[in-house]
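Here's the structure, in structure tokens; my notes come after.
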Amino acid sequence: MLSLIIPCFNEEENLEKLLSSIKSLLKKYSSEQIEILIVDNGSTDRSKEIIIKNSLFLENKISLIEINKNIGYGNGIYKGILSSKGEFIAWCHADLQIDPHDVIEIFLKSKEKLLSEKCVIKGKRIKRGFFDEIFTVGMSIITLIFFKFFLNDINAQPKIFHKEFINKLKNAPKDFSFDLYFLLIAKKENLSIHEFPIIWNK
């Protein structure tokens, strides 16, 4: 089983489209193959209400993890990881910059690697704006200077890994540095990092 975690903070304008995409995805795969966990990370808009009223939630096809107060992006992901049941775990955002279908496609293409070697899988964003690319390269250079590891496109989604890696994330930060921490720990544990190109939607 793959557990797909989707942290959500004030995404009421995107949720109907996201849930529609998930619905079509779940027509292809059973609950024994894919687990969908949406983390409402302290939303102050109608996000929680939209999720609860959706047929996927009412029919127990998706799970909702509620966090009353948003204390950081990383905390939302980590709470989802702790609640997951799958042998493999992935996360992507609820803002539709990456479609859940793409996450599953990358997972299926990477499954043999995940089973046969110590590794994590991540996206590599393509067809982005010039200034976005400059910022991404800058983060990689700073990481190389401070941590002696070169990490490419640190904040790209999805991230996919085996559940055994959860034990290495016990001191994970609760803020936006969660992606960086995740990849640094992977490097420290000598896990290979494999990338898949993915178009980043607006």
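The values are calculated or read from the model by the stated rules, or taken from the named source; none is laboratory data. The structure presented is a predicted model; accordingly, all values stated were derived computationally and were not measured. Every residue, glycine as well, gets a Cβ built from its backbone with ideal geometry; the counts of neighbours run over all protein chains shown. Each accessible area value is taken on the protein alone, full model and side chains, heavy atoms only, with ligands, DNA and RNA left out. Shrake-Rupley method; radii C 1.70, N 1.55, O 1.52, S 1.80 Å.
A compact table of results
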| read-out | value |
| --- | --- |
| Single unsatisfied condition, LYS168 versus (1) touching a strand residue (DSSP E or B) at 6+ places or on another chain (Cβ under 6 Å); (2) within 19 Å of ILE5 (Cβ to Cβ); (3) open to solvent by 70 Å² or more (accessible area, probe 1.4 Å) | (1) |
| Every pair of residues 6+ apart whose Cβ atoms lie under 9 Å, when the first sits in the stretch 70-85 and is farther than 16 Å from GLU11 by Cβ while the second is open to solvent by 10 Å² or more (accessible area, probe 1.4 Å) and basic (Lys, Arg) | ILE71/LYS174; GLY72/LYS174; GLY74/LYS174; ASN75/LYS174; TYR78/LYS174; ILE81/LYS163; SER84/LYS163; LYS85/LYS163 |
| Residue within the stretch 38-50 that is in contact (Cβ under 8 Å) with a residue 40 or more places away in the chain and under 17 Å from the mean Cα position of the chain (by Cα) present | yes |
| Elements of type strands (runs of 3 or more DSSP E) contained in the stretch 59-162, each with 1 or more residues being modelled with pLDDT of 95 or more and surrounded by fewer than 16 Cβ atoms within 10 Å (Cβ to Cβ) | 63-67 |
| Test: residue in the stretch 172-186 that is within 16 Å of TYR78 (Cβ to Cβ), open to solvent by 30 Å² or more (accessible area, probe 1.4 Å) and assigned to a helix (DSSP H, G or I) | yes |
| Flag for SER31 being surrounded by 19 or more Cβ atoms within 10 Å (Cβ to Cβ) and of a type in the set (Ser, Thr, Tyr) | no |
